[in-house]
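Everything below concerns the one structure shown next.
The values are calculated or read from the model by the stated rules, or taken from the named source; none is laboratory data. The shown structure was predicted, so the numbers you read here are calculated from the model rather than taken from an experiment. Quick reminder, even Gly has a Cβ in these numbers, built from the backbone with ideal geometry, and neighbours come from all protein chains shown.
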Amino acid sequence: MITHFAQLQLNTVSLQGVKQFYHDQLRFPIIHESDNEIHFQPTDSFSLSFKEVAEPLAPAHLAFEIPDSEFENVVSWLQKERISLLKWSDGRIIDNFETGRNVYFRDGDGNLLEIISHHYIQEGILPPSGALNILYLREIGFPVENVIEFREMLVKILNFKLDKVSDIFAFAIGGTAHCVIPSKKRKWIPISMSALPPTMEVGFGVTDIHFINEVKARLDEQNISYEWNGGLYFKINEYSFCLSITNFPKEAHHLLNLPFSR
């Protein structure tokens, strides 16, 4: 089974800009740096990397889960570090919803970052990491032309569960990983930002080779090509994916009390 987002690679137009924002301001540790790439380690189980390109970018959306007990402290820290938090149309920066709360901000490439906490998450299961107290990467956005077609493909290939399902939006969930699937016509909140498909490679952690072999069989059934290079690489629509075996706790989503584990 899929347990979590293990890695995310995005493009950037400025490695120095990325370094200043994610390392100098957000305090993400650097684990690799070259002339055209930089890799950060926000948590022990997740790496965020950027490749410098000379081409236009479509901003990505990603959301980091933090302990609910640390939410006020993290927001205060972001403000102290002069991270510009985005406002809703009524001027507020914090959104309190039924099961939690969140704030949004952007990096120098326009990527939409979210800090989110949920009241139901059991604390003490995963260690918080860094100045932001990140537990794990919860969400990555996948804007698509046809939400129904893309979400059903994720269900067929990766055995995801679906939530908040409509014709223009859905969550596809595996373990702690939540794929946010909006129509390209549905803009990102809170600043009504156009949802454009970013160039990215998304890596999922999985429990064992048995699951990877099952995915291979499903890819064959759908006539989707793949390759093995220390992990299983394939594409669905315009998005690139990789599955790799990790030591992330396979029961973490149960212990965290995520809704689809109850």
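In segment 202-248, the qualifying residues are those that are of a type in the set (Val, Ile, Thr), under 23 Å from the mean Cα position of the chain (by Cα) and not in a helix (DSSP H, G or I), and the one that is nearest to Val144 (Cα to Cα) is Ile236.
Just one of the numbered conditions (1) under 16 Å from His4 (Cα atoms); (2) surrounded by fewer than 16 Cβ atoms within 10 Å (Cβ to Cβ); (3) aromatic (Phe, Trp, Tyr) is not true of Phe169: (1).
Here is a yes/no grid of residues against (1) farther than 13 Å from Ile189 by Cα; (2) touching a residue at least 24 places away in the same chain (Cβ under 8 Å); (3) among the β-branched types (Val, Ile, Thr); (4) surrounded by 15 or more Cβ atoms within 10 Å (Cβ to Cβ):
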| site | (1), (2), (3), (4) |
| --- | --- |
| Trp88 | no, yes, no, no |
| Asn96 | yes, no, no, no |
| Arg101 | yes, yes, no, yes |
| Asp107 | yes, yes, no, yes |
| Gly124 | yes, no, no, no |
| Pro128 | yes, yes, no, yes |
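Looking across Ser49, Ser34, Ser69, one residue alone is exposed (fewer than 15 other Cβ atoms within 10 Å of the Cβ), among the polar types (S, T, N, Q) and touching a residue at least 12 places away in the same chain (Cβ under 8 Å). It is Ser69. Against the criterion of being under 30 Å from Ile94 (Cα atoms) and surrounded by 12 or more Cβ atoms within 10 Å (Cβ to Cβ), Phe160 qualifies.
When segment 1-59 is filtered for residues that are among the β-branched types (Val, Ile, Thr) and either in a strand (DSSP E or B) or more than 29 Å from Gly175 (Cβ to Cβ) (or both), the ones remaining, listed by number, are Ile2, Thr3, Thr12, Val13, Ile30, Ile31, Ile38, Thr43, Val53. Comparison of Thr207, Thr199 shows that the only residue that is surrounded by 15 or more Cβ atoms within 10 Å (Cβ to Cβ), at pLDDT 95 or above, hydroxyl-bearing (Ser, Thr, Tyr) and within 18 Å of Phe241 (Cα to Cα) is Thr199.
Look through Phe241, Phe204, Phe234 and report the one residue that is closer than 30 Å to Leu85 by Cβ and among the hydrophobic types (A, V, I, L, M, F, W, C). Phe204 is the lone residue from the list that is closer than 30 Å to Leu85 by Cβ and among the hydrophobic types (A, V, I, L, M, F, W, C). The set of residues from segment 249-262 being of a type outside the set (A, V, I, L, M), outside any helix (DSSP H, G or I) and farther than 16 Å from Ile212 by Cα comprises Pro249, Glu251, Asn257, Arg262. In the set (1) at pLDDT 95 or above; (2) within 29 Å of Leu126 (Cα to Cα); (3) surrounded by fewer than 15 Cβ atoms within 10 Å (Cβ to Cβ); (4) within 20 Å of the chain's Cα centre (by Cα), Ser192 fails one condition alone, (2).
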